[in-house]
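Student: Okay, here's the structure, questions in a sec.
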2 protein chains.
Amino acid sequence: MTHDGRRLRGSRSREAILERTVSLASVEGLDGLSLGRLAAATGTSKSGFFAHWRDKEQLQLDAVEWAARQWTELVVAPALRAPAGVRRLFALHEARLKFYSDGVLPGGCFFFAVHAEFDDRPGPVHDRIARAMRDWLKFVRRQVDEAVALGELAGSTDPAQLAYEIDALGEMVVPHSRLHEGQAVFAHARRAVLQRLRALCPHPDLLPED
Amino acid sequence: MTHDGRRLRGSRSREAILERTVSLASVEGLDGLSLGRLAAATGTSKSGFFAHWRDKEQLQLDAVEWAARQWTELVVAPALRAPAGVRRLFALHEARLKFYSDGVLPGGCFFFAVHAEFDDRPGPVHDRIARAMRDWLKFVRRQVDEAVALGELAGSTDPAQLAYEIDALGEMVVPHSRLHEGQAVFAHARRAVLQRLRALCPHPDLLPED
DNA sequence: GAGATATACAAACGATCGGTCGTTAATGTA
DNA sequence: TACATTAACGACCGATCGTTTGTATATCTC
């Protein structure tokens, strides 16, 4: 085969493998996934990985990076198109729910699967995952702060408290939607946050009624 | 050694192994935990397991059973000592939080760790886990129903909706408490459910103020 | 065009995986 | 007392794990 653009082809297959890794890891985790099965799933050889990554841990770290970028593109970015304040906060929640209900990842959420796995296992992968999730929660909290500053949420609002509630109500959709088929869980998660925000909002008409 | 009570000794070590299994599985999952490491942790030999269980799957099934029993004893039973209605509902939430903050299991929650693992992996273990979690949610929902019937929650309350909220706000304490050290997360989870219940309750004085 | 570099592979490594086999010793049953 | 059962073990099995090595070929650099 001529003209396969060695360097380009390399980064192409690198990206393809990472996408597949994140996808599979959302189902079986980053450590539960073995190189052998990953090779079979990507149509490559096991030893081929070591041309791209020093060891499995490097692949895992890059996979976390890739998943974080995907989350930013498909959840954070769309929400940023809504006007700052309580509407953006709710848009963020809805974008997340859409990410789950669209079935972007077969396991629902990469970070949910992977965090339970590396929860109590120290190391660089644990640290990278923890950082990503802390950044996410900080981002949610910043949206709360902004909404308070804009007078769109009661001044008595505890930002850390509300950020926890929004994250918890959104994240638990992942296991629940797998437990009880049907989209009732999505409605519950959406309504819970919506009613909570409306109750705190001096101008509830900024948000949909239901 | 004389008089070691063969039969009794068997069920003793059986229980001891199960307790250790549930404990370790709350950290690394049921499948992530290998028989070799489990043998080392219990001070027995790998092959000794097969005197008690046909294969690893049987051990996993018994471990789920054991964890469910532990949950009933340490969370459900204490809550049932509170008077039925909204107070029992909140007692249930608090008993769960106490289970987590007491560090009964080193990984926080057996079912959290294990559900993420068997989420999308069909089989008897998956089914047993799903049943346990469905039973739990049904139980929470029954407490909501009872509180509504007693007139301690507004008649407009959607039981499935509220049950989801309570479960989500309680369960997500597990990953969050590992992410940000400190007991702030416990306070958030407690206050979130408390304020939600007080808002729905015609007699808020049934519940603590804060 | 020569030499370094990068992609990708098959084959094989030691370690560990879940599981089997045969054995020993103590217990329960007759 | 005779015999089946049970707990527990060490040794070992084939399979798979993450990883190393060596090789072939195509691309980039000079």
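The values are calculated or read from the model by the stated rules, or taken from the named source; none is laboratory data. Because the structure is a prediction, the values reported are computed rather than measured. Heads up, the Cβs are rebuilt from the backbone with ideal geometry, glycines too, and the neighbour counts pull from every protein chain shown. All accessible areas refer to the heavy atoms of the entire protein, side chains included, with ligands and DNA or RNA removed. Shrake-Rupley method; radii C 1.70, N 1.55, O 1.52, S 1.80 Å.
Student: Once every DSSP H run of n ≥ 4 in the protein assembly as shown is given -39500 (n - 2.57) and the sum is divided by its residues, what mean residue ellipticity at 222 nm do you get, rounded to the nearest 500 deg cm²/dmol?
Tutor: -21500 deg cm²/dmol
Student: Hey, another quick one. Quick one, what does Rg over Rh come out to for segment A:6-206 if you take C-alpha atoms and the Kirkwood Rh?
Tutor: 1.03
Student: Which residue in B is nearest the B/A rotation axis when you measure from the C-beta atom, and what is the distance in Å?
Tutor: Checking which Cβ lies nearest the axis yields B:Ala116, 2.
Student: Test of understanding: given chain A, find the longest segment containing no GluC sites (Glu not before Pro) that are in a DSSP loop and have at most 14 other Cβ atoms within 10 Å.
Tutor: Answer from the scan: A:1-180.
Student: For segment A:6-206, what is the charge dipole size about the Cα centre, in debye to the nearest 20, if Lys and Arg each add +1 at the Cβ and Asp and Glu each add -1 at the Cβ?
Tutor: Approximately 720 debye in magnitude.
Student: Rounded to the nearest 20 Debye, what is the dipole magnitude of the protein assembly as shown about its Cα centre when Lys and Arg each give +1 and Asp and Glu each give -1 at the C-beta?
Tutor: 920 debye
Student: So, one more: Loop only per DSSP, at most 16 neighbouring Cβ atoms within 10 Å: give me the trypsin sites (Lys or Arg not before Pro) in segment B:22-98, ordered by residue number. Mind showing how you got there, number by number?
Tutor: Numbers: sites: B:Arg37, B:Lys46, B:Arg54, B:Lys56, B:Arg69, B:Arg81, B:Arg87, B:Arg88, B:Arg96, B:Lys98; in loops: B:Arg54, B:Arg81.
When the trypsin sites (Lys or Arg not before Pro) of segment B:22-98 are filtered for loop state and at most 16 Cβ neighbours within 10 Å, B:Arg54, B:Arg81 remain.
Student: Oh, and also: Across peptide B:169-179, what mean number of C-beta atoms from other chains lies inside 10 Å of a residue's C-beta?
Tutor: 5
Student: While we're on this one: Any idea what the B:Arg81 label distances to the other copies are, label 7 Å down the Cα→Cβ vector, nm, shortest first?
Tutor: Between copies, matching label points for B:Arg81 lie 5.5 nm apart.
Student: Output, in nm with one decimal and in ascending order, the distances from the A:Ser47 label point to the matching label points of the other copies (7 Å from Cα along Cα-to-Cβ).
Tutor: Those separations, rounded to one decimal, come out as 3.6 nm.
Student: Which distances, shortest first and in nm, link A:Ala160 to the matching position in the other copies, using label points set 7 Å out along Cα to C-beta?
Tutor: Sorted ascending, the copy-to-copy spacings read 3.6 nm.
Student: Using only Cα atoms, tell me the angle between helix A:159-171 and the longest principal axis of chain A; keep it within 0 to 90° and round to the nearest 10.
Tutor: Taking Cα atoms only, the helix is inclined about 50 degrees.
Student: Further question: Peptide A:24-37: average number of partner chain Cβ atoms within 10 Å per residue? List each step's numbers first, then the result.
Tutor: On the way: counts 0, 0, 2, 4, 7, 6, 0, 3, 5, 0, 0, 0, 0, 0.
Shielding by partners across A:24-37 averages 2.
Student: Per residue, what accessible area does the protein assembly as shown have, given a 1.4 Å probe and all protein chains present, in Å²?
Tutor: 47 Å²
Student: Note down the net charge around B:His93, summing +1 for each Lys or Arg and -1 for each Asp or Glu among other residues with Cβ under 14 Å from its Cβ.
Tutor: +4
Student: Take the residue pairs A:Lys138/B:Lys138; B:Lys98/B:Lys138; A:Lys46/A:Lys98 and return only those whose Cα atoms are more than 30 Å apart.
Tutor: Table pairs above 30 Å Cα-Cα are A:Lys138/B:Lys138; A:Lys46/A:Lys98.
Student: With +1 assigned to the C-beta of every Lys and Arg and -1 to the C-beta of every Asp and Glu, and no other charges, what is the dipole magnitude of segment A:95-210 about the Cα centre in debye, to the nearest 20?
Tutor: 180 debye
Student: Continuing with the same structure: From the residues B:Ala149, B:Ile17, B:Leu197, which one has its Cα farthest along the dipole of the protein assembly as shown in the positive direction, the dipole being from +1 and -1 charges on Cβ of Lys/Arg and Asp/Glu about the Cα centre?
Tutor: Selected residue: B:Ile17.
Student: What do you get for the angle between helix A:6-28 and the principal long axis of chain A? Use alpha-carbon atoms, 0 to 90 degrees, nearest ten.
Tutor: 60 degrees
Student: A further question on this structure: Express the carbon and sulfur contribution to the solvent-accessible surface of chain B as a percent, rounded to the nearest whole number, probe 1.4 angstrom.
Tutor: 52 percent
Student: Helix B:124-149 against the longest principal axis of chain B: what's the angle in degrees, Cα atoms only, rounded to the nearest 10?
Tutor: 20 degrees
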